[in-house]
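Read through the structure below, which is laid out as structure tokens, and then see the notes.
The numbers here are math on the coordinates, done by the rules we state, and not lab data. None of the values given here were measured: they were computed from a predicted structure. Quick reminder, even Gly has a Cβ in these numbers, built from the backbone with ideal geometry, and neighbours come from all protein chains shown.
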Amino acid sequence: MTKEGSAIAEFYVAPAGFVCERSRITDYEAAAYHGPYGTKEEAYRIADLVREQANTARQSMRTQRRGTVVTVISGLAMIVGIIMILATSAANALCNGEIGHSGQAFSSSTLTRCPADTAAHGLGVIILILGILGILGGTATLLARSRRRL
């Protein structure tokens, strides 16, 4: 109210961050909006804060999704790495032993199979290490997000 008693315009800020005059919204909408504010400048300042908060919330959700996806994919990679290591460890140990070296000298099939088993075993170790690092990174992303929220 002004000194003369006439009503001044009231401004509301919508949850989406835009400014509305009181005459353009219903009572139901006004209940969900921020306000009322006496000046348009004050309403725009609050609208900027509302938009900034919404952007921060969206960024936080993207970070959480990214951390979750990285953790799940890394867990699957770790499982694949473990399976590869377990599947090739016996053959790899045999190939690297004295019997394997003798077999490679006399058999061409053993000569081609042993390097393949060794390569698969090494690839399994690399996938396992990448899976562990991915899980640590994804978990760190999720923990950093929850720490910022506190």
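Net charge around ARG24, counting only other residues with Cβ within less than 14 Å of its Cβ (Lys, Arg = +1; Asp, Glu = -1)? Net charge around ARG24: -2. Among TYR12, TYR44, a tally of other beta-carbon atoms within 10 Å of each Cβ gives an order, fewest to most, of TYR44, TYR12. Taking other C-beta atoms within 10 Å as the exposure proxy, PHE11, PHE18 rank PHE18, PHE11 from fewest upward.
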